[in-house]
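The values are calculated or read from the model by the stated rules, or taken from the named source; none is laboratory data. Predicted model, so just to flag it, every value in this text is computed and none were measured. Cβ atoms come from the backbone with ideal geometry, glycine included; neighbour counts cover every protein chain shown. Protein only, heavy atoms only, side chains kept; ligands, DNA and RNA dropped before computing areas. Shrake-Rupley method; radii C 1.70, N 1.55, O 1.52, S 1.80 Å.
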Amino acid sequence: MDQRALFIIFGGTGDLAYRKLYPSLFRLYEKGYLKENFAVIGTARRPWSDDHFHEVVLNAIADDGRDVERTNTELARKFASHFYYQSHNVDDAEHYVNLKNLADKLDAKYELNGNRVYYLAMAPRFFGTISSHLKDQNLLTENGFNRLIIEKPFGRDYKTAKELNDSVSGSFAEDQIFRIDHYLGKEPIQSIAALRFGNQIISSLWNKEHIDNIQVTLAESLGVEERAGYYETAGALRDMVQNHIMQIVSLLTMEKPDVYDASHLRDKKVEALNNIQLYSVDEAKKNFVRGQYGEDANQTQASYRDEEGTDEHSQIDTFVAGKLISHNPTLEGVPVYVRTGKRLAKKTTQINVVFKNVDTDIFHNVEDNDAIGLQDNVLTIYIEPEMGYTLKLNTKYGNQGYNINPVHLRYRKTPEEKAKIPDAYERLIHDALRGDKTNFAHWHEVSRAWKLVDVIREAWDSEDANFPNYESGSMGPKDADELLTNDGRNWVFNPLK
Ligand SMILES: NC(=O)c1ccc[n+]([C@@H]2O[C@H](COP(=O)([O-])OP(=O)(O)OC[C@H]3O[C@@H](n4cnc5c(N)ncnc54)[C@H](OP(=O)(O)O)[C@@H]3O)[C@@H](O)[C@H]2O)c1
């Protein structure tokens, strides 16, 4: 079904628009989700012409596919002809008068029925100004839908997030606001519910009786690269834990929704986050570990403090590990260990669900030096770069005796299968166009996640850390391992073992 809409992209000359939004819109056009009844207004201060804008859009498509031929097609040129550029400063009320005139003209030309998607691909400090001008200058239509898409970082803490939310909710109702967390657009993250609730063998074991602990790892091998300016104000806790990790934890710990749709899922995710134990400052100190990378063992990679644009005494965390406790009835008391960091040994995003030991000694009489013996069953969900699952099971070892060794049942998506999966932005823009909020973060989720994270920040801000405290190329500081060994456990993912 084609969707009629006018997209107004604020920050139309920026990096996000170039790398993600224009290529995603083109893929929707290639696949027929957008047909003739759409138009895009790109707006920013730079004085671009429509012709220059078309060139930029075509280059963005070529860079995305690394395929220059894609831009030389009739289809790509027709697509680009739907793009219009309006130069102005968003702080200036006059801007919105011109914008409204252009929007109304395009609405009539492309028969868009008043449907509008406002994409704020700009720094959050502009969100309030833009939203209120959109309302005051009558850009919001009566006859069609009006949807606002906003990007992280959604505040620096609960207080600033609430101020930001108040500033947009004066003009847009919650059901019109689409908060992007691009992890929610990823195929394996969306599959968590299918895995948990669509399989008897998984759903009947997904509870405190059978699960010992859950581990979530978002490991990056790169350092801060060119993002030092932003990173110095954020750190891993704000950049990764408050949003992506808390969203993943909510999907892993939520109770079963009655229906898999936006409102039921949201209620269960909010409930799951509300049921994550809110630590005191002392508990946060005990249960969360921070780190900042130093040089690697061969001193070929710079420490964080030596990267361009960082403070030489920076207290910013490039690594976080912690233990969260769910108090949802099904998983009451089950620890969820989370970990994220830069310059770690290997790039991976994965979830390990560690099941309880079978607690049997019937094999005790069998001895063989080669046998490994009974291991915990572990279900691993690979999010990226690999996508798929591994299930570790104990089986008989192939020899004369009766010895136990683990095997791994393995499924991975092939490169061909992965190539067919829509990119997260493509999927999320399509969802917003359809008005489907299943894969967007509700304010109640965002606000609870900030409250959970604020107390950790408060604990850390009360004393200076002894940084750097982990080598580039390691798996983080020693304390992160002790978090689990103190509980008699280990991180399942350990590429250095
Ligand atoms: N880039 C990413 O991959 C990414 C990923 C996740 C989230 N985000 C978030 O998305 C937002 C945009 O990021 P970005 O990387 O695209 O930033 P960016 O490259 O710096 O782009 C900022 C845009 O804002 C425009 N702008 C700035 N001040 C303006 C003003 N007063 N009036 C009108 N336009 C103005 C700039 O254009 P002019 O200079 O021409 O005015 C530019 O188009 C940020 O909130 C960022 O945190 C980005």
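Listed values, structure above:
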item: Selection from region 25-51 of residues that are closer than 18 Å to PHE10 by Cα and hydroxyl-bearing (Ser, Thr, Tyr); result: THR43, SER49
item: Qualifying residue in region 85-99 (condition: open to solvent by 20 Å² or more (accessible area, probe 1.4 Å), within 12 Å of the ligand (Cβ to nearest atom), among the hydrophobic types (A, V, I, L, M, F, W, C) and not in a strand (DSSP E or B)); result: no
item: Qualifying residue in region 64-73 (condition: in contact with a Pro (Cβ under 8 Å, 6 or more places away or on another chain) and surrounded by fewer than 16 Cβ atoms within 10 Å (Cβ to Cβ)); result: yes
item: Lone unmet requirement of (1) assigned to a loop (DSSP other than H, G, I, E, B); (2) open to solvent by less than 70 Å² (accessible area, probe 1.4 Å); (3) of a type in the set (Val, Ile, Thr) for THR300; result: (2)
item: Residue list for region 353-401, filter: of a type in the set (Asp, Glu) and modelled with pLDDT of 90 or more; result: ASP376, GLU384, GLU386
item: Members of region 451-493 that are acidic (Asp, Glu) and in a helix (DSSP H, G or I); result: ASP454, GLU458, ASP461, ASP479, ASP481, GLU482
item: Every pair of residues 6+ apart whose Cβ atoms lie under 9 Å, when the first sits in region 148-159 and is over 11 Å from ALA123 (Cα atoms) while the second is part of a strand (DSSP E or B) and near the ligand (Cβ under 8 Å from one of its atoms); result: LEU148/LEU120; ILE149/LEU120
item: Selection count, region 107-139, where residues are under 29 Å from the mean Cα position of the chain (by Cα) and not charged (D, E, K, R); result: 17
item: Residue within region 197-215 that is open to solvent by 30 Å² or more (accessible area, probe 1.4 Å) and under 20 Å from ILE8 (Cα atoms) present; result: no
item: Residue identified as open to solvent by less than 30 Å² (accessible area, probe 1.4 Å) and within 25 Å of the chain's Cα centre (by Cα) among GLY32, GLY11; result: GLY11
item: Condition broken by ALA441, with the remaining ones in (1) surrounded by fewer than 23 Cβ atoms within 10 Å (Cβ to Cβ); (2) not in a helix (DSSP H, G or I) satisfied; result: (1)
item: Helices (runs of 4 or more DSSP H) wholly inside region 217-288 containing at least 2 residues that are open to solvent by 20 Å² or more (accessible area, probe 1.4 Å); result: 228-236, 262-274, 281-287
item: Test: residue in region 374-396 that is in contact with a Leu (Cβ under 7 Å, 6 or more places away or on another chain), in contact (Cβ under 8 Å) with a residue 12 or more places away in the chain and not in a strand (DSSP E or B); result: yes
item: Residues satisfying the stated conditions in region 228-260, i.e. of a type in the set (A, V, I, L, M) and at pLDDT below 95; result: ALA228, ALA234
item: Enumeration of residues in region 402-436 that are among the hydroxyl-bearing types (Ser, Thr, Tyr), open to solvent by 30 Å² or more (accessible area, probe 1.4 Å) and modelled with pLDDT of 95 or more; result: TYR411, THR414
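Let's see how each residue does on (1) within 16 Å of the ligand (Cβ to nearest atom); (2) over 30 Å from ALA449 (Cα atoms); (3) open to solvent by 30 Å² or more (accessible area, probe 1.4 Å):
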position: LYS109; (1), (2), (3): no, yes, yes
position: ARG116; (1), (2), (3): no, no, no
position: LEU120; (1), (2), (3): yes, no, no
position: PHE127; (1), (2), (3): yes, no, no
position: SER131; (1), (2), (3): yes, no, no
position: GLN137; (1), (2), (3): yes, yes, yes
position: GLU142; (1), (2), (3): no, yes, yes
position: ARG156; (1), (2), (3): yes, no, yes
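Here is a yes/no grid of residues against (1) among the small types (Gly, Ala, Ser); (2) closer than 23 Å to LEU428 by Cβ:
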| site | (1), (2) |
| --- | --- |
| TYR18 | no, yes |
| ARG46 | no, no |
| SER49 | yes, no |
| GLN86 | no, no |
| ASN89 | no, no |
| GLU94 | no, no |
| LEU99 | no, no |
